[in-house]
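Read through the structure below, which is laid out as structure tokens, and then see the notes.
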Amino acid sequence: MQIDSENFELYVIIFLFIFLIWFIRNTIKFYHGEKRRVKNLHKFAKDGELESQVELGKHYQKGKVVKKSCNRAAYWFNRAALSGDEEAKGYLEDFIKNKRGKKC
């Protein structure tokens, strides 16, 4: 297949338009999937699942998909640490050290 040099720009524009539509659609799909995942983390964390509590604490500490909140991160790390999770205890200790330095 030979491409017309006159229509080459048109083909490039059409390709870029299709790529842009595909990219936007997949980005929105990914974002909704992440929001659904965090919603499920909340559900499981409230039910006492330690891994979910630690993951939710990480999300709040970094501001990933949720609004960054040092207090909520500390709450979930504390809740998991009180249940005996060693990883959460480490995160909580780091959190307390960093809090003195005014970092979340």
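Every read-out reported here was derived from the displayed coordinates using simple, explicitly stated rules and does not represent laboratory data. This is a predicted model, so every value here is computed, not measured. Cβ placement follows ideal geometry from the backbone for every residue including glycine, while neighbour counts extend to all protein chains displayed.
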Item to check | Single condition Glu6 does not satisfy, out of (1) part of a helix (DSSP H, G or I); (2) free of Cβ contacts under 8 Å to residues at least 24 places away in the same chain; (3) surrounded by fewer than 14 Cβ atoms within 10 Å (Cβ to Cβ) | outcome: (1)
Item to check | Selection count where residues are under 11 Å from the mean Cα position of the chain (by Cα) and not charged (D, E, K, R), scope segment 45-72 | outcome: 7
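For every residue, the table says whether it meets (1) within 17 Å of Phe95 (Cα to Cα); (2) assigned to a loop (DSSP other than H, G, I, E, B).
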site	(1), (2)
Tyr11	no, no
Leu20	no, no
Asn26	no, no
Lys29	no, no
Glu34	no, no
Tyr60	yes, no
Val66	no, yes
Checklist outcome for this item: Those residues of segment 44-67 which are closer than 21 Å to Thr27 by Cα and surrounded by fewer than 14 Cβ atoms within 10 Å (Cβ to Cβ) amount to Lys62, Gly63, Lys64, Lys67
